[in-house]
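Taking it in order: structure first as structure tokens, then the write-up.
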There are 2 protein chains.
Amino acid sequence: MRIISYCLALICAFVLNLSHAQNELKYVKPLIGTAKMGHTFPGASVPFGMVQLSPDTDTLQYEVDGKYNGDVYKYCAGYQYDDPTIVGFSHTHFSGTGHSDLGDILVMPTSGKIQMNPGVASDPTTGYRSAYQHTNEKAEPNYYSVLLDDHQIQAELTTTTRVGMHRYSYSQAEDAHIVLDLNSGIYPYEGKNVWTFVRVENDTLITGYRQTNGWARTRTVYFAISLSEPIKSYQCKKRDNGHIYRGFWRKFNDASNFPEVAGLDLVFNLDFDLPASKQVMMKVALSPTSTNGALMNLKAECPTWDFDKVVKDGQNEWLKELQKVKVTTMNESDAINFYTALYHTCLGPTVYSDVDGSYKGLDQNIYKAENFTNYTTFSLWDTYRALHPWFNLVQAKRNNDMVESMLAHYDQSVLKMLPIWSHYANDNWCMIGYHAVSVISDAALNPLSTFDKKRALDACVQTANNAYFDGIPSYIKYKYVPEDHSGSSVSKTLEYAFDDYSIARLAALTGDKGTETTFLQRAGYFENVYDSSIGYMRPKKANGEFLKDFDVLNTHQRGFIEGNAWNYSLYVPHNVPRMIEMMGGNKTFASHLDSLFTMELPDKYFEHTEDISRDGIIGNYVHGNEPSHHVVYLFNYANREDKTQAYLRKVIREMYRPVVDGLGGNDDCGQMSAWYLFSSLGFYPVAPSSGVYSIGAPLVVSAEMTLDNGKVVKVETKNQSEKNKFVKAVYWNNVRLDEPFISFQQLNEGGILRFEMTSKPQNTFQKN
Amino acid sequence: MRIISYCLALICAFVLNLSHAQNELKYVKPLIGTAKMGHTFPGASVPFGMVQLSPDTDTLQYEVDGKYNGDVYKYCAGYQYDDPTIVGFSHTHFSGTGHSDLGDILVMPTSGKIQMNPGVASDPTTGYRSAYQHTNEKAEPNYYSVLLDDHQIQAELTTTTRVGMHRYSYSQAEDAHIVLDLNSGIYPYEGKNVWTFVRVENDTLITGYRQTNGWARTRTVYFAISLSEPIKSYQCKKRDNGHIYRGFWRKFNDASNFPEVAGLDLVFNLDFDLPASKQVMMKVALSPTSTNGALMNLKAECPTWDFDKVVKDGQNEWLKELQKVKVTTMNESDAINFYTALYHTCLGPTVYSDVDGSYKGLDQNIYKAENFTNYTTFSLWDTYRALHPWFNLVQAKRNNDMVESMLAHYDQSVLKMLPIWSHYANDNWCMIGYHAVSVISDAALNPLSTFDKKRALDACVQTANNAYFDGIPSYIKYKYVPEDHSGSSVSKTLEYAFDDYSIARLAALTGDKGTETTFLQRAGYFENVYDSSIGYMRPKKANGEFLKDFDVLNTHQRGFIEGNAWNYSLYVPHNVPRMIEMMGGNKTFASHLDSLFTMELPDKYFEHTEDISRDGIIGNYVHGNEPSHHVVYLFNYANREDKTQAYLRKVIREMYRPVVDGLGGNDDCGQMSAWYLFSSLGFYPVAPSSGVYSIGAPLVVSAEMTLDNGKVVKVETKNQSEKNKFVKAVYWNNVRLDEPFISFQQLNEGGILRFEMTSKPQNTFQKN
């Protein structure tokens, strides 16, 4: 009883607190997810900004002696909370990915002797890196600061969309340096750096670029660095290989202070005479096109040296995004989780164009985005599930521009393919499926979408018929992907089938009956990998035989990728009724599904698995990776909405905790967070592009979402509490729902979704 | 007597012959200079074209085991006449240089088995290269053809400014291939290729780029290849290193026919079903900016598949250039030498912009040339002497655009330097001096020049005061370059002094008295390295002591570069009278100078010397390299014009022969040839920018030069013959010259320069 009272008091205080404006900012804790597998970064960024200016605590080699180095996986975002040292501050980071790249243009202020090697974490005095304490670290939206113990320098970071701003406060006036390391990067390996180029234009301006190979095969980040204090002198790290200075080393006597250098892996040290303030500030503008583009971005976007104003301007941008969904919650933790999730959904895709719209296209030519903002970093296997549907609801205009960006990518693709996993004018084709079609088809539902639907349908169809990609020709020929033709065949068949459903939906929307029919047929191919004798999806060979060697629990089972057969067998989001029917009907299915959450999964199934760990698992249900993100809602379709409601609260409580290691898996560019946002509000897009959300059970006390069309969706609860996790009834604009579904169209018109909460499982919907 | 009659008959026949139009083309023999040290290329190009499409007979490694590989020097132009095999046809070549780069986008048609390695010359069956016979080879302006013995393919090449066109006639219909090798290049070494990128856009179009390091530190050549026949299938050479296909190797099953590849060193084989003609044609467009730029150039410049028309159009362009100087000569050999020299002067600098004016600037940004054509490849240590002065006389508009290109380079230079030796948006700072100032100052004399003279003067002054370059600060401080501060100190001091004279001239022209005075003072610094005790220029240390270890004949003597002290001591072109005075007056000097041509130079002075060989030497006079190119004319200043006249004929006869090994040294981007043109016509710019030519003795019978201002300069001779190499008298517009000089201003107004030839040395000028 005391506990309950305490909780109630806390809730009341909290609800009261929220009435004060701008507290949304305070609930964002960028450090959440920075320990273990969240792979988020704690640094500064504005919403969807090109720059993610953040500390890197290590950058291990991706390959050591030609072998994959598993440890590097930790450093997808460059930062691991438990690490004792900071190497420096780099300007580009993925948020939450499970494979990585970037970490471009690393900067580190130092004092004392000149150091141009990073050194090792076990002894930071071996290089320019520094020890630091979390007690001296502060991370909030668009602001990060830390005291660098070794150098006794207070480092502060903030950004605009295309500019990273640094403020370094030295504690002593002598021997003040800044290291500029163009070799450092995330997921480095021998041969990753293709070329680097630096011009010291004058004593307060440096331009250049870093060109890398790797996940993006041909990626160049151009920069322009403006300094608040003049460089007194500078040195470039010498290489044994003279080529770095080819044309220079004979003609110019001194490797110091030489303003034009190119080579594989340039590292510079800049020396300063400190002013009375003992502060040096720098602004690092990025560009996808050129150093002149970076200079243009610098001048247009960040002409000021008022660091605090840049922080505040960016935080106001954040407020604008965060206030699109105003929630009251049962406690502060939930508010922190909600707004941090909302924050994490705004860290990607990111703007990929200069202020004048210029960007580098997939074919490496420079284009100008007309009438849209160009975005990059599409982790679509993850984000088609909830992140883009979330955008389609609350960021319709941005989502439309993201679709335009994908269509531009398609136009520039020699393969005639929409993006699979694309970043920085490249596609790394990571994971499976062609899920851009789902995002596009879903976006087409929104009346605010302005992209050309017929052009988009053509791009979808071309992509889905690609002659090169991942077993598609066999899929079309056999009506499933034969495992002996292309690996991960079951996962592919299931996801292709869903994608094909999305294409059919878009075809219907554009009135293309023939395409609709074709792709509706393909949408049914999931049935062709179902082994009714065992009740699971199972790899099938071209001769029609199922694979003999089969373990439904093994994540490394042939035929699947990043999910075992048990979980993947539930992936028919676009035709759950047929799936349930195949699996024995409502009762059998509900019981089967329930066992997913209650069974014991032996440890051996987690060995050597990057994306799935104990932290992200309940029984055999894997929330830490994407294939099962819709699964909790499947009970709804078997008339067991109470189970959906119960497991929702369980997943929310176990997989999202407001602590540094609080995320149950990679945030995956906001997908994990978008699941949280939807589920906290009481609904979820089981089949994106269907236009239907499945009703769950809200975690919030109330919410108010402002859509881009000006309409407001309110979520209200009655008797919301930790105990009352079940739903007695749901009302849309005061009309009780008799099915656990609500449409995009309904929500998009605005209205009130009201949940009556209760502590006991029951039939929520009248149809039952 | 019989011989003389024979010669006379031949001359008459020849003069007659020349009255037929368009024979100028026939006198051009692109194979001249392709053996030994000429370093010219035999392939196809239009005047000043971006594309030089030419066979490469080998491409040795520049560095082997970290050591310089001297043999590679042979392959500056990719072709050595004595080589038994052709590796392929690449699209960019320097003409006549002594260090190299380029050889981009190598293409080779093959038949039979697929081969993606070049193989070795000793056994061409080891690779795609082929044996060939000179009897099956034809080289003329904008046309080259050869029969590839191993493949029994007739290869023909032609070009437009930015497009190389190939016609391959196979002798059998089966197994027809074309190799596209982006690894191959001139002066290759491990690490030279930075990145290559290929897209097979469709079955008749390929785009991509080759990015290299090296002499140009950061150079990218973009291309678009259009094929007359569809590609049936294609393969990319596999590397052990998976990075080449990063992102591709897992997702796409087949390395064949995959249309988007990037890596360090891509090599493709294309297969064709031949049409009935058994011919495949390809057009390879280049661009300095992008593959879209290359596509634009392709469409704008070469829409046709009419190979013969492209040949003819280009040859018409050549005729236009060649007919700017119409000569009659004593024999066909002289006509061949003259027009081949004229041809060689039109192979560089080369156009470096897309058809819309876009080009890559020195800072690697894309710019648009407004109101001028952008040029690259400025081998200025060579070409300021005679090539640019030649242009200033007969190519005034082009020369103006070349100056505009240099000023754009300056604007983009972080060092605030005019080009030294620049190509493809880079400066390799090869050799010494800042001779762009001479070219600019000289160009300013031409009333057709439109560049901003004050802006140009500023660029010249900034360059000459550069704080980084090659001992300039010491030169300014000590009034000579101290050898202990910067190597090649005497060569630098002498050339800087001349350059400074040029700047003073330009300053005078713009009315900047202060700058004129400053640089006239610097122009006198040559005196500070003269050791009057021995009569030679001599390296001096900062403490004022001359270097003890000193050998006037040694080309590797400290203090000098590519010339010994004997030759270099004569380098005061802007103040020859003072030089003669220092060296003991006219008589002593003339005798001293004469000994240069008559002395014996032991072999040891040629060991390990790339740019100077027996072929280019008369006594100790080195014509095969540039520092002495003005020297023959110095007798004029000591009242011994007869010696100038005698040695002129000797140099012309020995150093320029109409055979493959007929050039006495590197043609050096046309400098050797420009010397020939001037000297054949009877005058030479000893001190460019002075506005004065020194009168020699013509080789031609007559000439008619049409200038860009429409004026015509005629050269006429009386009693011209092989024997009558001396000049009795010289008349300008019928007024006898009393000094061996004529001004730019005089010639530029048009008129008749008439030489009365004689067999006996005598006082030509009345002043004597």
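The values are calculated or read from the model by the stated rules, or taken from the named source; none is laboratory data. Values in this document were obtained by computation on a predicted structure and should not be read as measured data. Counting neighbours? That spans all protein chains shown, and the Cβs are built from the backbone with ideal geometry, glycine included. Protein only, heavy atoms only, side chains kept; ligands, DNA and RNA dropped before computing areas. Shrake-Rupley method; radii C 1.70, N 1.55, O 1.52, S 1.80 Å.
Tally up the residues in the range A:743-765 that are more than 16 Å from A:VAL700 (Cβ to Cβ) and of a type in the set (A, V, I, L, M, F, W, C), please.
Applying the first criterion (more than 16 Å from A:VAL700 (Cβ to Cβ)) to the range A:743-765 yields A:743-746, A:748-751, A:758-765.
Retained after the next criterion (residues that are of a type in the set (A, V, I, L, M, F, W, C)): A:744, A:765.
Count: 2.
Against the definition (farther than 30 Å from B:ASN365 by Cβ and in contact (Cβ under 8 Å) with a residue 60 or more places away in the chain), how does A:VAL351 come out, yes or no? Spell out how you get there, then give the answer.
Details: farther than 30 Å from B:ASN365 by Cβ: no; in contact (Cβ under 8 Å) with a residue 60 or more places away in the chain: yes.
Against the criterion (farther than 30 Å from B:ASN365 by Cβ and in contact (Cβ under 8 Å) with a residue 60 or more places away in the chain), A:VAL351 does not qualify.
Within 14 Å of chain B (Cβ to nearest Cβ), part of a strand (DSSP E or B) and not β-branched (Val, Ile, Thr) - does that describe any residue in the range A:186-196?
So far as the range A:186-196 goes, yes, one or more of its residues are within 14 Å of chain B (Cβ to nearest Cβ), part of a strand (DSSP E or B) and not β-branched (Val, Ile, Thr).
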Hey, could you check the range B:409-451 for residues that are within 12 Å of chain A (Cβ to nearest Cβ) and over 22 Å from the mean Cα position of the chain (by Cα) and say which is surrounded by the most Cβ atoms within 10 Å (Cβ to Cβ)? B:SER413
Selection within the range B:424-448 - part of a helix (DSSP H, G or I) and either within 27 Å of B:SER486 (Cα to Cα) or among the aliphatic types (A, V, I, L, M) (or both): B:ALA436, B:VAL437, B:SER438, B:VAL439, B:ILE440, B:SER441, B:ALA443, B:ALA444
A:GLN671 meets each of (1) within 21 Å of A:VAL730 (Cα to Cα); (2) buried (at least 24 other Cβ atoms within 10 Å of the Cβ) with one exception, condition (1)
When you check A:LEU415 against the structure, is it modelled with pLDDT of 95 or more and either out of contact with any helix residue (DSSP H, G or I) (no Cβ under 6 Å at 6 or more places or on another chain) or not in a helix (DSSP H, G or I) (or both), yes or no? no
Could you check how many residues of the range A:601-657 are open to solvent by less than 10 Å² (accessible area, probe 1.4 Å), of a type in the set (Gly, Ala, Ser) and touching a Phe, Trp or Tyr at 6+ places or on another chain (Cβ under 7 Å)? 2
Specify the residue that is farthest from A:SER743 (Cα to Cα); the eligible residues are those in the range A:365-389 that are charged (D, E, K, R) and more than 14 Å from chain B (Cβ to nearest Cβ). A:GLU370
Taking the range B:277-291 only, how many residues are more than 14 Å from every other protein chain (Cβ to nearest Cβ) and open to solvent by 10 Å² or more (accessible area, probe 1.4 Å)? 4
So B:ALA294 passes all but one of these: (1) closer than 30 Å to B:SER169 by Cβ; (2) modelled with pLDDT under 95; (3) within 14 Å of chain A (Cβ to nearest Cβ). Which condition number does it fail? (2)
Residue satisfying all of: in the range A:541-569; among the hydrophobic types (A, V, I, L, M, F, W, C) and within 24 Å of the chain's Cα centre (by Cα); nearest to A:ILE432 (Cα to Cα) among these: A:ILE561
Only residues that are assigned to a loop (DSSP other than H, G, I, E, B), modelled with pLDDT of 95 or more and within 28 Å of A:GLN412 (Cβ to Cβ): list them for the range A:454-487, please. A:ASN465, A:VAL481
Kindly provide the set of residues from the range B:133-162 that are in contact with a Pro (Cβ under 8 Å, 6 or more places away or on another chain) and among the aromatic types (Phe, Trp, Tyr), ordered by number. B:TYR144
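Considering only the range B:470-496, how many residues are within 24 Å of the chain's Cα centre (by Cα) and not basic (Lys, Arg)? Before you say what the answer is, go through the steps one by one.
Pass one, the range B:470-496, residues within 24 Å of the chain's Cα centre (by Cα): B:470, B:488, B:491-492, B:494-496.
Okay, now just the ones that are also not basic (Lys, Arg), so B:470, B:488, B:491, B:494-496.
Of the residues in the range B:470-496, 6 are within 24 Å of the chain's Cα centre (by Cα) and not basic (Lys, Arg).
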With the condition kept exactly as written, say whether any residue in the range B:316-329 is open to solvent by 10 Å² or more (accessible area, probe 1.4 Å), in contact (Cβ under 8 Å) with a residue 60 or more places away in the chain and within 14 Å of chain A (Cβ to nearest Cβ). no
Could you check how many residues of the range A:44-75 are small (Gly, Ala, Ser) and within 20 Å of A:LYS320 (Cβ to Cβ)? 3
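Which residue is most open to solvent (accessible area, probe 1.4 Å), if the candidates are limited to the range A:365-376 and must be assigned to a strand (DSSP E or B) and not aliphatic (A, V, I, L, M)?
Our first condition is that a residue be assigned to a strand (DSSP E or B); within the range A:365-376, this holds for A:366-368, A:375-376.
Next cut, not aliphatic (A, V, I, L, M) only: A:367-368, A:375-376.
Numbers: A:TYR367: 65, A:LYS368: 107, A:TYR375: 13, A:THR376: 8 Å².
Going through the qualifying residues, I end up with A:LYS368.
Quick grid of which residues meet (1) open to solvent by less than 20 Å² (accessible area, probe 1.4 Å); (2) more than 13 Å from chain A (Cβ to nearest Cβ); (3) modelled with pLDDT under 85; (4) assigned to a loop (DSSP other than H, G, I, E, B):
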{"residue": "B:VAL221", "(1), (2), (3), (4)": "yes, yes, no, no"}
{"residue": "B:ARG239", "(1), (2), (3), (4)": "no, no, yes, yes"}
{"residue": "B:ASP254", "(1), (2), (3), (4)": "no, no, yes, yes"}
{"residue": "B:LEU270", "(1), (2), (3), (4)": "yes, yes, no, no"}
{"residue": "B:PRO275", "(1), (2), (3), (4)": "no, yes, no, yes"}
{"residue": "B:LEU298", "(1), (2), (3), (4)": "yes, yes, no, no"}
{"residue": "B:THR304", "(1), (2), (3), (4)": "no, yes, no, yes"}
The lone condition A:GLY185 fails out of (1) at pLDDT 95 or above; (2) open to solvent by less than 10 Å² (accessible area, probe 1.4 Å); (3) in contact with a strand residue (DSSP E or B) (Cβ under 6 Å, 6 or more places away or on another chain) is (3)
Would you pick out the residues in the range B:380-407 that are outside any helix (DSSP H, G or I) and either of a type in the set (A, V, I, L, M, F, W, C) or not assigned by TED's automatic domain parsing to the domain that holds B:GLN746 (or both)? B:ALA386
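This table checks each residue for (1) within 14 Å of another protein chain (Cβ to nearest Cβ); (2) more than 17 Å from the chain's Cα centre (by Cα); (3) more than 15 Å from A:ASP499 (Cβ to Cβ).
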{"residue": "A:PHE391", "(1), (2), (3)": "no, no, yes"}
{"residue": "A:GLN395", "(1), (2), (3)": "no, no, yes"}
{"residue": "A:ASN400", "(1), (2), (3)": "no, yes, yes"}
{"residue": "A:LEU407", "(1), (2), (3)": "no, yes, yes"}
{"residue": "A:ASN466", "(1), (2), (3)": "yes, yes, no"}
Cross-chain or 6+ apart pairs with Cβ under 9 Å, the range B:401-419 first and on the phi > 0 side of the Ramachandran plot, then open to solvent by less than 10 Å² (accessible area, probe 1.4 Å): B:LYS416/B:ALA459; B:LYS416/B:THR463; B:LYS416/B:ASN466
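Select from the range B:114-146 the residues that are among the small types (Gly, Ala, Ser), assigned to a strand (DSSP E or B) and in contact with a strand residue (DSSP E or B) (Cβ under 6 Å, 6 or more places away or on another chain) and write down the one among them that is most open to solvent (accessible area, probe 1.4 Å).
B:ALA131
Could you please give the count of residues in the range B:147-169 that are under 20 Å from B:THR85 (Cβ atoms) and surrounded by fewer than 23 Cβ atoms within 10 Å (Cβ to Cβ)? So that I can check it myself, show each step before the final result.
Here is the first cut: in the range B:147-169, the ones under 20 Å from B:THR85 (Cβ atoms) are B:147-157, B:166, B:168-169.
The next check asks that each one be surrounded by fewer than 23 Cβ atoms within 10 Å (Cβ to Cβ); those that pass are B:147, B:149-150, B:152, B:154, B:156, B:169.
Adding up the residues that qualify gives 7.
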Do you know which residues across the range A:344-364 are within 14 Å of chain B (Cβ to nearest Cβ), open to solvent by 10 Å² or more (accessible area, probe 1.4 Å) and assigned to a loop (DSSP other than H, G, I, E, B)? A:ASP356, A:LEU362, A:ASP363, A:GLN364
